[in-house]
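Asker: Would you mind keeping the following structure in view while I ask a few things?
What follows draws every value from the coordinates through simple rules; no lab data is involved. Here the structure is a predicted model, which is why all the values come from computation and not from measurement. A quick note on method: Cβ atoms are made from the backbone with ideal geometry, for glycine too, and the neighbour counts reach across all protein chains shown.
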Ligand SMILES: [Zn+2]
């Protein structure tokens, strides 16, 4: 399935979460989990806000969706290409479809997801990218910490 108008609306919701995270002083990565056109969980990276290194946007959205009997009928939206922790969770939960806002500022796990049968849709959304670029420019040390790289000199 290509990037539809519904996808666009859900990506806008994920981006709104990312913007809230940015305004809170955190990493601006947002995510929503959707079933049958309804958002069942929304979240954002709260690593800084909650001091929780595992609280990536996707993990936060899944946590806030609460227990589910299954994930075979959901789509996960994330403003940024998932890290390996989140990609592993997507595979672990059997989520069949992931829509990614952008993968210009971070990426590399799309092939892993596809190799495990996940449909990956790249939105290539300029607003998602602009927010991440601003964050990386303004807070390079915080970003390095998020992707477990050595801090910039
Ligand atoms: Zn992640």
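Asker: What is the order of 7, 124, 146, fewest Cβ neighbours within 10 Å to most? Display every interim value, and only then the final one.
Answerer: Working: 7 18, 124 13, 146 22.
Ordered from fewest to most neighbouring Cβ atoms within 10 Å, 7, 124, 146 come out as 124, 7, 146.
Asker: Moving to a separate point now. Could you calculate the contour length gain from residue 116 to residue 144, that is, 0.36 nm times the residue separation minus the distance between their Cα atoms, to one decimal place in nm? Could you put the intermediate results ahead of the total?
Answerer: Numbers: separation 28, 0.36 × 28 = 10.08 nm, distance 2.79 nm.
Gain in length upon complete extension: 7.3 nm.
Asker: Still on this structure, please answer the following. Report the label-to-label distance for residue 85 and residue 39 in nanometres (one decimal), using points 7 Å from each Cα along the Cα→Cβ vector.
Answerer: Taking the simple label geometry, residue 85 and residue 39 are separated by 2.3 nm.
Asker: Taking the Cβ-Cβ separation of residue 72 and residue 104 as r and a Förster radius of 22 Å, what is the calculated FRET efficiency to the nearest 0.05? Don't skip to the end; give the middle numbers.
Answerer: Working: r = 30 Å, r/R0 = 1.37.
According to the calculation, E is roughly 0.15.
Asker: Now for a different question. Stretched out fully, how many nm does the piece from residue 54 to residue 93 gain, at 0.36 nm a residue minus the Cα gap? Walk me through the numbers before you get to the answer.
Answerer: Details: separation 39, 0.36 × 39 = 14.04 nm, distance 1.64 nm.
Gain on extension, residue 54 to residue 93, equals 12.4 nm.
Asker: Any chance you could run the full-extension gain for residue 13 through residue 1? It's 0.36 nm times the residue separation minus the Cα-Cα distance, nm to one decimal.
Answerer: Details: separation 12, 0.36 × 12 = 4.32 nm, distance 1.98 nm.
The residue 13-residue 1 span can extend by a further 2.3 nm.
Asker: Using the alpha carbons of the chain, what is the convex hull volume per residue in cubic angstrom, as a whole number? Don't skip to the answer; put the middle values down first.
Answerer: Details: hull volume 15.5 nm³, N = 153.
That works out to 101 Å³ per residue.
Asker: Among 77, 71, 3, rank each residue by its count of other Cβ atoms within 10 Å, from fewest to most, as a rough exposure measure. Walk me through the intermediate numbers first.
Answerer: Numbers: 77 30, 71 19, 3 14.
Ranking 77, 71, 3 by Cβ neighbours within 10 Å, fewest first, gives 3, 71, 77.
Asker: Tell me whether the range 96-141 comes out rounded, prolate or oblate; compute the Cα gyration tensor, take square roots of the eigenvalues as a ≥ b ≥ c, and use a/c under 1.5 as the rounded threshold. Intermediate results must be reported in sequence, preceding the final value.
Answerer: Numbers: a/c = 3.97, a/b = 2.06, b/c = 1.93.
Prolate is the answer for the range 96-141, as a/c is 1.5 or above and a/b outweighs b/c.
Asker: Tally the DSSP beta bridges in the chain and give the antiparallel ones as a percent, rounded to 5.
Answerer: On the way: 11 of 20 bridges.
Rounded to the nearest five, the antiparallel share is 55 percent.
Asker: Please state the equivalent ellipsoid semi-axes for the range 65-141: what are the square roots of 5 times the Cα gyration tensor eigenvalues, largest first, in whole Å? Intermediate results must be reported in sequence, preceding the final value.
Answerer: Numbers: eigenvalues 118, 33, 27 Å².
Equivalent ellipsoid of the range 65-141: 24, 13, 12 Å, largest first.
Asker: Give me 34, 121 sorted ascending by neighbouring Cβ count inside 10 Å, so fewest comes first.
Answerer: Working: 34 25, 121 18.
Arranged by neighbour count, lowest to highest, 34, 121 become 121, 34.
Asker: Moving to a separate point now. Given the options 108, 70, 43, which has the most mean-square fluctuation in a GNM of the chain, springs set between C-alpha atoms less than 10 angstrom apart?
Answerer: Greatest mean-square fluctuation among the candidates belongs to 70.
Asker: Which residue fluctuates most in the GNM of the chain (Cα springs below 10 Å): 12, 61, 104?
Answerer: 104
Asker: As I understand it, the value is the acute angle between the Cα axis of helix 5-23 and the longest principal axis of the Cα atoms of the chain; what does it come to in degrees, rounded to 10?
Answerer: 30
Asker: Add -39500 (n - 2.57) for each DSSP H run of 4 or more in the chain, then divide by its residues: what number comes out at 222 nm, to the nearest 500 deg cm²/dmol? The partial results should precede the final answer.
Answerer: Values: 7 runs with 68 residues, N = 153.
After summing the helix terms and dividing by residue count, I get -13000 deg cm²/dmol.
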